[in-house]
Amino acid sequence: MTNLLNMIIIVLSITILLCVYRAITGPTQADRIIAINIIGTKIISIIIIVSFLLHESYFIDVALVYALISFSASIIISKVIKEQ
C-alpha cells in the first residue's frame, strides 16, 4: 500500500509540473486561473496522502487551511481579472 501511495505522489508531482507549465504559458487568463486551481487541489491531495502515510491527523487541518486560502486566492484573482 505504501508503494502505491508513493507512486501516486510522484504522478501528482509530475502533473503539477505540467500545470505549472500551463500556468506560465497559458494563452488566456482563464487558462492560468484554472491551472493554478488544479495545482492547489493536487497539493491538497498530496498533503492528505502524506497524512495517511505518516499516521498524523494534524496534516488534515493543514490541508483544510490550504484549501481555504487557495479558494480565497482564486476568488480575488478572478475579481482582479474581471475588472481589467
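The values are calculated or read from the model by the stated rules, or taken from the named source; none is laboratory data. Quantities reported herein were computed from a predicted structural model and do not represent experimental measurements. Every residue, glycine as well, gets a Cβ built from its backbone with ideal geometry; the counts of neighbours run over all protein chains shown.
A compact table of results
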quantity: Scope region 61-72; condition of a type outside the set (Ser, Thr, Tyr) and either surrounded by 14 or more Cβ atoms within 10 Å (Cβ to Cβ) or touching a residue at least 40 places away in the same chain (Cβ under 8 Å) (or both); matching residues; calculated: Val62, Ala63, Ala67
quantity: Residue, modelled with the highest pLDDT, within region 42-60, restricted to residues that are surrounded by fewer than 16 Cβ atoms within 10 Å (Cβ to Cβ) and among the polar types (S, T, N, Q); calculated: Ser45
quantity: Given (1) over 25 Å from Lys82 (Cβ atoms); (2) in a helix (DSSP H, G or I), index of the condition Glu56 fails; calculated: (2)
quantity: Region 24-38, subset under 20 Å from Ala67 (Cβ atoms) and aliphatic (A, V, I, L, M), residue modelled with the highest pLDDT; calculated: Ile38
quantity: So Ala35, is it closer than 30 Å to Gln84 by Cβ, in contact with a Lys or Arg (Cβ under 7 Å, 6 or more places away or on another chain) and assigned to a helix (DSSP H, G or I); calculated: yes
